[in-house]
Amino acid sequence: MIYTITFNPALDYITQVENFEIGKINRTATEKILAGGKGLNVSIVLKNLEIENTAISFIAGFTGKELEKKIKEHQINTDFIEVKKGITRINVKIISTNNSNQSPKIETAINGNGPEITKEEMDLFFEKIKKIKPTDLVILSGNVPKCINEKIYEIICKELKQNEVPFIVDATQKLLVNTLQYKPILIKPNKQELEETFNVKIENKEDIIFYAKKLQEKGAQNVLISLGGDGAILLTKEGKSYYSNAPKGQVINTVGAGDSMVAGFVAGFSKYKNYIEALKTGIASGSASTFGTELATKDRVQELLKQIKIEEIK
C-alpha cells in the first residue's frame, strides 16, 4: 500500500474575479471548493491514475468533515485523526482576470493556519506509522503547522528507516534536508527550492545537476528537480541524469502541479519499474494539472505523454 501523509490539509476555495480591486466589493465569476493539501493532492492523482493508496491526515471541525467527504468522493482510503481544537483550514485563492484578455491573470492566495494538534493526537499518528510495512511506501508532502515539532519529518523518517519502510519526501529547506540522512528513495525540489537550500543562484542545467548531486551526497537516492514550463531533471541512484521537456499547453492553474508530478512519477514507476517511464508520467501529470481546473486525470495524462521526450545528460 502507498500511504500519503498530510499534516496541514485544507479546503481550497478557488475563485475568479474580473479586475479584482483591494478595498472594494468584488463579485466572483466562478468559484470552486476542492480538497487540498499536498499529500491529499498526491492521493487524488494516484487514484486518478488507478493506483490504490491510503491518505493519513488530521481533520478538525465542520471543515474537516467536508474535507473528509470530498476525499471519500474520490474513493480514496482514509485514515484520518480527528483533532478536537480548531478547524481544518480554508485556503482562499483569488484569480483576477481581465475582460480584454490582454494582461496576464494575477493570483492572490490567503492560507489559513489549521487546528491545534496535541501530543495525544500525535501519539495516535505514530501508532499508525508503526503499523506500516517494508512492502509499503510512504509519501511525506508539504509543510507542518506551528503547533508541531519542526523536526517532525526527521522523526518520522527515522522511524520508517528503522522499520525498513521506503519513503519519499517533498518538502522545503530544513524539513527536507534533515531527512536526507535516512536516505529517502526520492525527493522533489524545484529550481527555486534548490537555490534556497544552498543559498545560490542557479544559471543552467550544469548548476542544477551539481547541487542535486550534493543532495545525493547527503543521502537522497533519486532527485527529481521540477523546472516548471522548462521540464524536469532526474538524477538516479545509479548515477544517471535525464532531462525531460514539458508539454505545451495553456497554464490555467498551478495548484497541485508539483504534487501531481510526484504522484505521476510513483504511478509510472509502479507500472513500468523504469525511471524514464516514471519521469514521463510525472511530467505529464504535473502538466495535466497545470492545464486544467482540477488535478490530473488519466485521460489528460495519456494525451500529454505523446509530447514528452527524454534525453540522457552525459
Practice problem: Hey, can you grab everything whose amide H is under 5 Å from the amide H of Asn77? Only 5+ residues off in sequence or another chain; H modelled, so Pro and N-termini drop out. | Solution: Asn53, Ala55
Quiz prompt | For the range 135-174 versus the range 33-48, the gap between their alpha-carbon centres in whole angstrom | solution = 18
Exercise. Determine ³J(HN,Hα), in whole Hz, for all residues of the range 206-212 in sequence, where each value follows from phi through the Karplus function 6.51 cos²θ - 1.76 cosθ + 1.60 and θ = phi - 60°; x replaces Gly and Pro.
Key: 4, 5, 4, 5, 4, 7, 5
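Could you give the length gained by full extension between Lys218 and Glu18, i.e. 0.36 nm per residue of separation minus their alpha carbon distance, to one decimal place?
67.3 nm
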Exercise. As a check on your grasp of the helix formula, calculate [θ] at 222 nm for the chain: sum -39500 (n - 2.57) over DSSP H runs of n ≥ 4, divide by the residue count, round to the nearest 500.
Key: -10500 deg cm²/dmol
Self-check item: In the range 1-103, the trypsin sites (Lys or Arg not before Pro) that fall in loop regions by DSSP, at most 12 other Cβ within 10 Å
Solution: Lys24, Arg27, Lys84
Practice problem: Using R₀ = 30 Å, calculate the FRET efficiency as 1/(1 + (r/R₀)^6) where r is the Cβ-Cβ separation of Lys248 and Gln181; round to 0.05. | Solution: 0.15
Exercise. Evaluate the relative contact order of the chain (contact order divided by residue number), counting alpha-carbon pairs under 8 angstrom at least 6 apart; express in whole percent.
Key: 15
Exercise. Give the calculated FRET efficiency between Thr28 and Lys69 to the nearest 0.05, with a Förster radius of 22 Å applied to their Cβ-Cβ distance.
Key: 0.45
Quiz prompt | For the range 265-271, Karplus couplings with θ = phi - 60° (6.51, -1.76, 1.60), whole Hz, Gly/Pro x | solution = 4, 5, 5, x, 6, 4, 7
Quiz prompt | For the range 156-314: rounded, prolate or oblate by the Cα gyration tensor [a/c cutoff 1.5] | solution = prolate
Self-check item: Cα-Cα over 27 Å, subset of Lys32/Lys128; Lys47/Lys131; Lys38/Lys65; Lys65/Lys174; Lys146/Lys248
Solution: Lys32/Lys128; Lys65/Lys174; Lys146/Lys248
Quiz item: So, with +1 on the Cβ of K and R and -1 on the Cβ of D and E, and no other charges, what is the size of the charge dipole of the range 179-314 about its Cα centre, to the nearest 20 debye?
Solution: 400
Practice problem: Could you tell me which of the pairs Lys93/Lys205; Lys213/Lys273; Lys237/Lys298 are separated by over 25 angstrom between their Cα atoms in the structure shown? | Solution: Lys93/Lys205; Lys237/Lys298
Exercise. Using the Karplus curve 6.51 cos²θ - 1.76 cosθ + 1.60 with θ = phi - 60°, work out ³J(HN,Hα) for each residue of the range 109-122 in order, rounded to whole Hz, and write x for Gly and Pro.
Key: 10, 10, 9, x, 8, x, x, 8, 8, 8, 4, 4, 6, 5
Exercise. Could you name the aspartates and glutamates whose alpha carbon sits less than 14 Å from that of Lys306, not counting residues in the same chain fewer than 8 places away?
Key: Glu277
Quiz prompt | Anisotropy class of the range 156-196 from Cα gyration tensor, a/c 1.5 cut | solution = prolate
Practice problem: Run the quick spin-label model on Glu127 and Val200: label points 7 Å from Cα toward the beta carbon, then report their separation in nm to one decimal. | Solution: 4.6
Quiz item: According to the square roots a ≥ b ≥ c of the eigenvalues of the Cα gyration tensor, what is the shape class of the range 65-209, taking rounded for a/c under 1.5, prolate for a/b larger than b/c otherwise, and oblate for the remainder?
Solution: oblate
Quiz item: What is the antiparallel percent of DSSP beta bridges lying wholly in the chain, to the nearest 5?
Solution: 40
Quiz prompt | Proximal lysines to Lys130, defined as alpha-carbon separation beneath 17 angstrom and excluding residues fewer than eight positions away on the same chain | solution = Lys119, Lys158, Lys161
Practice problem: Quick one: which residues, 5 or more positions from Gly112 or on another chain, have an amide H under 5 Å from its amide H? H modelled 1.01 Å from N in the peptide plane, none for Pro or chain starts. | Solution: Ile90, Asn91, Val92
Quiz item: Along the Cα-to-Cβ line of Glu164, 7 Å from the Cα, sits a label point; which residues in the range 118-149 have backbone N less than 18 Å from it?
Solution: 130-138
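Each value in this text was obtained by applying a stated rule to the coordinates, not by laboratory testing. Keep in mind the model is a prediction, meaning the values are calculated, not measured. Reconstructed Cβ throughout: ideal geometry from the backbone, glycine too, with neighbour counts over all protein chains shown.
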